[in-house]
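Here, each number is a calculation from the coordinates, and none is a lab measurement. None of these values were measured; they are calculated from a predicted model. Backbone-built Cβ (ideal geometry, glycine too); neighbour counts: all protein chains shown.
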Amino acid sequence: MGRLQRSVALAGAGLWLVGGAVDAAPVSVLSGKTTSTSGQFVIYSKDAARRSLLAQRAEASRAIWNEKLGSDGNWSHPIIIQDLIGSARPRGNPNAVTRIYEGDGGALKVQTSIYDASVPGGEALDREIFRALGLEAIYRTTPLKAGKSFRSPPDWMVEGLAEEGRIRSSGTPPGVFAALLRSEQPPKIEDFLRAKPELMEATSLALYRTQAVALIRALRGLPEGGRGMAAFVASLAEEDSDLKALLAAFPSLQGDASRLGKVWTLAIARDSAASGVQPMGIAETGRALKGLLDFSAPADPKKPELGLVTGAEALPLVARGEGGAYLMRQKSAELFALEFRAHPLLRPVIAEYRQLTTDLAQKPRRNVEKRLTENGKIYDLLMQRSGQVDDYMNWFEATQLDTLSGEFFSITNPPQAERRTDPVTQYVDAVEGRGW
């Protein structure tokens, strides 16, 4: 059964396929439409800049999908990306949701709807795009009919592809692989395929994503390569995304789960030997942290006139909303990854934000306002002091003289002593002159 059973608005009329049940799709009229360069993504948004960003991110994810699955880029069904930021979010929906439905005339459409401003520039968007691409690929040649359950691409594939994209832009934190290899026993492929990342805390989720990347790379390294990956995805229209279906798509494994487990473990070990990335600068770390904490939520849903709370201060409000606990776990994992490569000066601040999101995931109504305020003050102080140091260094460099003043010649070029003319000195000079 598909895991994406969440309500969402759609631009246009149609029928939702919700685990086999058919419901009328609500209508939402949006101004502004952009079609991506490949034509596969149609973006609806009132914000032109956001439409451009969503199109670029979608095409970047599509490039990774085609590369890993050996796809030629062909597609049959469009993917709609709908920007609903600032509008009321239907009860039960997370900040971003991807669903599949049957439109007019039986045409199949996949849609990703976005409700929060933190999604377009974050990793959550990449995951939903990969989920949408997976749904389109699964039902490209096997139409989904009303009354029939649907299946989504497995979590390990979605998380692994999204993590692959993050690694390409930011590098792999070496500590993640080290943590994987410190365990006394290698991970079991059966347990990994059954794991549910939406229930994991930050550390486990970061390790799960790293394992997912290693599994994709291991499968790509088999003789079937991308063809095997594509065959596995296509089989999901009729089969569950279990170990049996995965082995069937890769005949070189000879149906042996232990063989797959070995190549997967070797991929983890091989990736762990890769060189890590250099720590980020203070300014770069600050920008990355700001991007992860780009939240917005009504100060009081019952009093819209109070406006929105933005940034880290909105964390408790987001956590108490629908899907808040899940989002906090996701953000905690992203902060955990940032902590590995962040500038050492800001690591304690990031660690505190990570702990705050972990606490809110476990208990959304926990009182964390004081901790947020104190951590924010520390962050501001560190960034201010860092800015002052940069200003001083820039001033020092800019005020260096291009010519020497001569004021210190008496020190750097002291006057030479008068030449001695006594008999001993004359004898020594004569010996030296003869080459002795």
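Take residue 194 and residue 366, extend 7 Å from each Cα along the Cα→Cβ direction, and tell me the distance between the two endpoints in nm.
Between residue 194 and residue 366, the simple spin-label model gives 2.9 nm.
Note the full-extension length gain between residue 166 and residue 63 as 0.36 nm times their separation in residues minus their Cα-Cα distance, in nm to one decimal.
35.7 nm
From the Cα gyration tensor of segment 282-398, with a ≥ b ≥ c the square roots of its eigenvalues, which class applies: rounded if a/c is under 1.5, or else prolate if a/b is larger than b/c, or else oblate?
Here segment 282-398 falls in the prolate category.
Three principal axis extents, largest first, for the C-alpha atoms of segment 182-264, in Å?
Result, largest extent first: 33, 27, 18 Å.
Residues of segment 331-354 with backbone nitrogen within less than 19 Å of a virtual label 7 Å along the Cα-to-Cβ line of residue 283, please, listed as ranges.
342-347
Longer than 20 Å from Cα to Cα, which of 188/244; 68/290; 196/244 are they? Say none if no pair is.
68/290
R0 = 35 Å: FRET efficiency of residue 385 with residue 203, Cβ-based, nearest 0.05?
For residue 385 and residue 203, the calculated efficiency is 0.70.
Do any trypsin sites (Lys or Arg not before Pro) in segment 224-327 lie in a DSSP loop with no more than 13 other beta carbon atoms within 10 Å, and if so, which?
302
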